Structures are given as C-alpha cells and as structure tokens.
1. Going through segment 134-185 one residue at a time, which ones are of a type in the set (Asp, Glu) and crowded, with 19+ Cβ neighbours inside 10 Å?
2. Look through VAL133, VAL146 and report the one residue that is more than 30 Å from HIS381 (Cα to Cα), modelled with pLDDT of 75 or more and either of a type outside the set (A, V, I, L, M, F, W, C) or not in a helix (DSSP H, G or I) (or both).
3. Just a yes or no: is a residue in segment 317-327 under 22 Å from the mean Cα position of the chain (by Cα), modelled with pLDDT under 90, hydrophobic (A, V, I, L, M, F, W, C) and over 30 Å from ASP174 (Cβ atoms)?
4. Scan THR198, THR230 and give me the residue that is under 15 Å from the mean Cα position of the chain (by Cα) and either part of a helix (DSSP H, G or I) or closer than 23 Å to HIS154 by Cβ (or both).
5. Only one residue in ALA262, ALA268 is closer than 17 Å to ASN301 by Cβ and either free of Cβ contacts under 8 Å to residues at least 24 places away in the same chain or touching a helix residue (DSSP H, G or I) at 6+ places or on another chain (Cβ under 9 Å) (or both), so which one is that?
6. Looking at segment 149-166, which of the residues that are under 29 Å from the mean Cα position of the chain (by Cα) and part of a loop (DSSP other than H, G, I, E, B) is farthest from LEU304 (Cα to Cα)?
7. Among LYS229, LYS239, which is the only one that is among the basic types (Lys, Arg), buried (at least 21 other Cβ atoms within 10 Å of the Cβ) and either touching a residue at least 12 places away in the same chain (Cβ under 8 Å) or under 24 Å from VAL30 (Cβ atoms) (or both)?
Amino acid sequence: MKSQRRYITNSGMLMQLKALADAMYRGHHVLDMFRCRTLIQVSNPFPPLKRFCKIVDASGKDKASHLELHRTLEILETAVDHMAEFVVLLGGCDRMSRRPYDTYLYIDNFMFGRHTEKQRLLNFLLEYNPPGVQPAVLPIIGALGVGKKTLVAHVCADERVQSQFSSILHLNEDVNEMNWEEFYKSVAQMNEGSKVVTISRLRKSEKLGTVKPMFLNNHSDEELSYLFKTLAFGSANPKDHPRLVQIAEEISMQMQFIGTLAAANATADALRGNLDVNFWLGRLKMCITLTEKNFSLYGQNPKLLPEQGRRIDITSIAFSPTAQLHVIPCTNFSSASKVTMKNLPRVRFRELLLDLSIRPKDEFNLVTWESRLPPYTSFVHFVLNCAQDMPEDAPFLGRKRQGIPS
C-alpha cells in the first residue's frame, strides 16, 4: 500500500487510512469464504459456527454469502469515497526511506498492520517540544500479547527517531505513584525535548499521560484471518491445495475465539511445515475442541481468559490424554515463582503440534511463541497436569502449589 511508505501526520487521514485497511481485510476474508463454496466440503463432526451458517432458499442459492458479499462491497465503496482527495494529500507527505526490512515481506518476520498506531506514535515522538515545557508522556494501553512492546521497539528503530534523540532507554519496571514521580522528575532534568512512552495492561495508567492515551486493541478477526492464511501457506500456492484452503478458512474462523497474534503465528508455523490434509484436519479438530471445552467451562470467549487469570484447558492437543492439561497464564506468578518455573522442562507449541509424543509427563513450561521482532518477546506459560483435583471454574490466582510459591 502506497500510504504505508509515507509519513502521515494528519489525524483525519490516519482515520481514513484505518477505515480503508479494515475494508481491505474484510474484502479478503469474504472473498476467501466465497471461493471456498466451490471446493470440496471438509468432513467436520462439529456443527458450524452460527456466524457462518448458510441460508439456502428453494432454488439452492446461498443467500447469506451473497448478502455478506454485497455488504462488503458497500463498505469498500464507502471506504474509497473521497479517495481522490486522500491521494492528493498523500502526495504531499514525506517518503519513508526504503530498506529491505520494510520493503519485502519476510514470512513471520515483519510487523503486521498497526500502520495508524505506528504513525501516531511516530508523530508524538517527532513533535517539537518548546523549551521549558515538561516532558510529554504517552500511555499505550492494551491487553496481554497485543504487541505493545513490539510497536514501541519498531517505531524507536525508525531513523528519524534515532536522529531526534541522543539516547533511547527501555525500562521494564512496574510503576506506582511514588516511583513514577521520582522517575518523571529525573526525566525532566534531562535534555529538553525528552519524551516518555509508558505501556500497560491497566486502564488506570492513562492518568500518567500528558496527551491522550493510545489504546491498542486486538487485531480484527479479518486481519488475523488474513495473517494466519498468509503465514500458513508460506511460499506454497494455495491454488495447488484446494482442500487445505477450506481447512485454513475453518481454522481462521476459530481465531475469533483463540485468536491472538501469538496463536496465529504459532499455529500457522506448524501447519506450514506439513501440508498434509489429515494433519491440518487434526489441528482443526483440536482448535474446535479447545474452543468448545473452554466455552463450556467458563461461558465466554477463551481468548479473554488469560487477562482474568483463569486456566485454559488445552487437553485437546493430546488425542489420548492421561490427564487434563491446563495452561496457567504467566502473568499469574510472582518473581519467585517464575524463578522456580525456570527449572521445569520447556516445550515449544509448534513442536508439540508436530509431535505430541514430546509432551512431558509432568508439569512443564509451554513456549507458545517467540517473536522474531524486537524486543523478541517470548510467551511462556506454565502447564499444569490436572491429575490432582482443582475446581474447573476457579482462577489459579492465590492458589499454592508445591514448587510454585505464590
């Protein structure tokens, strides 16, 4: 997209760009669903999601698909309305320098989306601060794993930011009111023009800001679907694998329930290494079972559970489990607990999907994803063997386990 190679400072243009990108991903998603109607039906013992149930009239035509297609066309038409003016204004924006990292799409080695957020953060950092003014503070607030650190690291690597500041410090500390005041005073004594960016999962951190906070939401279902399918096929041509295309569409539908960037990357990474129909069907069954099991336990979207400190039942990844397997979000543990956890075996999620026999018999650490982008965040969670009884609907917070101090 041409606009992604320009520095856009106008907030109205950024809003229009976001609407256009959302419409583009929705268009990709609907077209993929529409194409799948002509492919071989994948055997699926589970009922389809209500959102994708078909409405067939007496003549056999698929009304739901056509209605969805027409709605998407209307959204696209609205998005491109007044684009002539947008393109003219875009021509007046400075060009970004072209580097291999920015220009070429290295599968699972690029920052996906977030163009509007990147531009806003860049604008904040490059905005002129008059002499004598206290350092500006921008809070970035978002859920676990949405890419807050990656966004900041990506923008701070921009050559304009690098040339604007003599030094860029990344501090990884929990902030309370007392140490925040001390820290902010020390920043105010530094060179004029200093800026501060805070990242947090907590809404209350917005009070630290001197400017309007940036709320980083999860990627839309359509964005995650586009990313997942692009990564799952890699260099392979989807047209050469029509049955896999339909299975990929089914798995991408499940991403709305287990959909995080880490989950999309990890699942696609495993599928890309084995373009076998039965293997992909097995992973689809696993995703559906995982979703249905956690829905029955908690009555809500499974991807919300980590933020609530609840266990996630992943027993479905073992087709012949001897005991239930539950993931405990890493955010539930104190520093002392995490030190103890380092002594446990580590298993990568991708390797577990490819070979279930590598699963340790006892408790272990599950590395769901290791980001290939700065700051190279690893998502490591504790997996509990539930041979010992614990209430199914109870959060793990506050519970004591042998070897895992609270």
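1. The initial filter retains those residues of segment 134-185 that are of a type in the set (Asp, Glu), namely 158-159, 173-174, 177, 181-182.
Scanning segment 134-185 gives a single hit, ASP158.
2. Details: VAL146 fails: more than 30 Å from HIS381 (Cα to Cα).
Sole residue among the options that is more than 30 Å from HIS381 (Cα to Cα), modelled with pLDDT of 75 or more and either of a type outside the set (A, V, I, L, M, F, W, C) or not in a helix (DSSP H, G or I) (or both): VAL133.
3. Of segment 317-327, the ones under 22 Å from the mean Cα position of the chain (by Cα) are 317, 326-327.
With modelled with pLDDT under 90 added as a condition, the list becomes 317, 326-327.
Filter once more, so that each one left must be hydrophobic (A, V, I, L, M, F, W, C): 317, 327.
Okay, now just the ones that are also over 30 Å from ASP174 (Cβ atoms), so 317.
Within segment 317-327, one or more residues are under 22 Å from the mean Cα position of the chain (by Cα), modelled with pLDDT under 90, hydrophobic (A, V, I, L, M, F, W, C) and over 30 Å from ASP174 (Cβ atoms).
4. Of THR198, THR230, the one residue that is under 15 Å from the mean Cα position of the chain (by Cα) and either part of a helix (DSSP H, G or I) or closer than 23 Å to HIS154 by Cβ (or both) is THR230.
5. Working: ALA268 fails: closer than 17 Å to ASN301 by Cβ.
It is ALA262.
6. Checked segment 149-166; the qualifying residue farthest from LEU304 (Cα to Cα) is ASP158.
7. Details: LYS239 fails: buried (at least 21 other Cβ atoms within 10 Å of the Cβ).
Every option except LYS229 fails the conditions.
For (1) closer than 17 Å to HIS219 by Cβ; (2) in contact with a Leu (Cβ under 6 Å, 6 or more places away or on another chain); (3) assigned by TED's automatic domain parsing to the domain that holds ARG201, each residue gets a yes or a no:
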position	(1), (2), (3)
PHE257	yes, no, no
THR260	yes, no, no
ALA270	no, yes, no
GLY273	no, no, no
MET286	no, no, no
GLU292	no, no, no
GLY299	no, no, no
LEU305	no, no, no
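The values are calculated or read from the model by the stated rules, or taken from the named source; none is laboratory data. Computed from a predicted model, the values in this text were never measured in an experiment. All Cβ positions, even for glycine, are placed from backbone atoms using ideal geometry, and neighbour counts span all protein chains on display.
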